[in-house]
Amino acid sequence: MVAPDMKNCLQICSCLVVLALSAHVQADLVPDVQDDRVVQRIGFGSCFNPKSKKYTIFDGILRQKPDVFVFLGDNIYGDTTDMELLAKKWGELGAVEGFKKLRETSTMLATWDDHDYGVNDGGKSYPMRRESERIFLDFFQDPADSPRRTREGVYGSYMFGPPGKRCQILLLDTRSFRDELPRLNVKGGAGRVGWYEPTDDRTKTLLGEEQWKWLEEQLQVPADLRIIASSIQMLAHEKGMENWGNTPHELERLFALLKKHKATPAFAISGDVHFTELSKRDVEGYPFYDFTSSGMSHASKNWANAANSFRVGGASWEMNAGMIEIDWDAKRVTLKAINPEGEALFSHQLALDELVMP
């Protein structure tokens, strides 16, 4: 029989152990990179071909003076297993004057898509993915102690600002771990321009288990706004191109994690499709937005006219970049697509309290 004083002591010790373990878990939940600067203007874009000689989108971006700029993928068109050639193509981007000025004046973040990864529509079967990853991280000047250099894949998390103005940017890697997807024999029809359809094989993965584990941890890091950066679109799926809708169970897994950890307000940014649009889906009363900006050097009217039942407003097939303007005092975000003159192609305003998972 345990004496009352001893029993109370054991209960207190037990509580302290639980609290200590909880504190330890919370202490481990930190972003890959912490920057205490408040960010108010975040730019992003995708699909830039240095060989096009069409560099004017950088003029529009520089006029916006972004604190951070995110390259979402197809940052070059590498498409090779020759690593010397791939490095040379990255060098062509590095030599573009507008790119150099943007690197000097903003914090530059990046993930990749298929063409800078190394192969069109490529996934984990691409044989040079580790070599390509090293070249990618070197080009974007990840430091030697970067967490991205210690693991497979280029996913990463970046936290900006102090409590009350914390903006987390989550860069996902939709290439390094992606399983091969079944293709249709023919494309087109019913607003389709691509050749994929959703799979019901729940073993097919887009992010891979290690990245999913990391993502769930990152969604528990305290933040006042989360921006989830995906190289491919999350919501628009009818056009049959690469998108999260090809593995619908992966998209539902993301929504489940947002709900489980109350990791909102959050929205997504994406690229790949050579036009710009805003998509919105109701997720159990939560309005999840995917802001797509694609076509920094070339765009497609045909793809922009493809079906998307989630589209908010219209699409634009001018060369474009995306801008996110955060008004921390008013607790409001403005999503704006711009052209090479820095003019708005469309603009949509969101109140942060609208983006809270019930």
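A few remarks follow.
- A single member of Leu335, Leu350 is among the aliphatic types (A, V, I, L, M), farther than 23 Å from Ile57 by Cβ and surrounded by 17 or more Cβ atoms within 10 Å (Cβ to Cβ), and it is Leu350.
- Subset of region 197-220 (residues that are over 27 Å from Thr264 (Cα atoms) and among the hydroxyl-bearing types (Ser, Thr, Tyr)): Thr199, Thr203
- Lys65 meets each of the listed conditions (1) touching an Asp or Glu at 6+ places or on another chain (Cβ under 9 Å); (2) modelled with pLDDT of 95 or more apart from (1).
- The residues of region 107-121 that are surrounded by fewer than 21 Cβ atoms within 10 Å (Cβ to Cβ), of a type outside the set (D, E, K, R) and part of a loop (DSSP other than H, G, I, E, B), listed by number, are Val119, Asn120.
- Test: residue in region 239-250 that is of a type in the set (Val, Ile, Thr) and in contact with a helix residue (DSSP H, G or I) (Cβ under 8 Å, 6 or more places away or on another chain): no
- Of the residues Pro287, Pro340, the single one that is touching a residue at least 40 places away in the same chain (Cβ under 8 Å), over 28 Å from Ser52 (Cβ atoms) and in contact with a Lys or Arg (Cβ under 9 Å, 6 or more places away or on another chain) is Pro287.
- The condition (being among the charged types (D, E, K, R) and either within 16 Å of the chain's Cα centre (by Cα) or exposed (fewer than 14 other Cβ atoms within 10 Å of the Cβ) (or both)) is satisfied by just one residue among Glu104, Glu131: Glu104.
- Residues located in region 210-264, provided they are among the hydroxyl-bearing types (Ser, Thr, Tyr) and over 22 Å from Val154 (Cα atoms): Thr264
- Checking the stated criteria, Pro127 turns out not to satisfy the condition of being under 23 Å from Arg37 (Cβ atoms), in contact (Cβ under 8 Å) with a residue 40 or more places away in the chain and out of contact with any helix residue (DSSP H, G or I) (no Cβ under 8 Å at 6 or more places or on another chain).
- The set of residues from region 122-149 being within 28 Å of Asp224 (Cα to Cα) and in a loop (DSSP other than H, G, I, E, B) comprises Phe140, Gln141, Asp142, Pro143, Asp145, Ser146.
- Some residue of region 193-203 being modelled with pLDDT of 95 or more, surrounded by fewer than 17 Cβ atoms within 10 Å (Cβ to Cβ) and of a type in the set (S, T, N, Q): yes
- Selected residue (only one of Arg178, Arg226, Arg253 is assigned to a strand (DSSP E or B) and charged (D, E, K, R)): Arg226
- Applying the set (1) among the small types (Gly, Ala, Ser); (2) modelled with pLDDT under 95; (3) buried (at least 17 other Cβ atoms within 10 Å of the Cβ) to Ala307 leaves exactly one unmet item: (3).
- For region 164-175, the tally of residues that are in contact (Cβ under 8 Å) with a residue 60 or more places away in the chain, part of a loop (DSSP other than H, G, I, E, B) and surrounded by fewer than 24 Cβ atoms within 10 Å (Cβ to Cβ) stands at 2.
- Verdict on Met357 being buried (at least 21 other Cβ atoms within 10 Å of the Cβ) and touching a residue at least 12 places away in the same chain (Cβ under 8 Å): no
- Residues satisfying the stated conditions in region 266-278, i.e. under 16 Å from the mean Cα position of the chain (by Cα) and crowded, with 22+ Cβ neighbours inside 10 Å: Phe267, Ala268, Ile269, Ser270, Gly271, Asp272, Val273, Thr276, Glu277, Leu278
The values are calculated or read from the model by the stated rules, or taken from the named source; none is laboratory data. Nothing here was measured: the structure is a model prediction, and the numbers come from that model. Note that each Cβ is placed from the backbone with ideal geometry, even for glycine, and that neighbours are counted across all protein chains shown.
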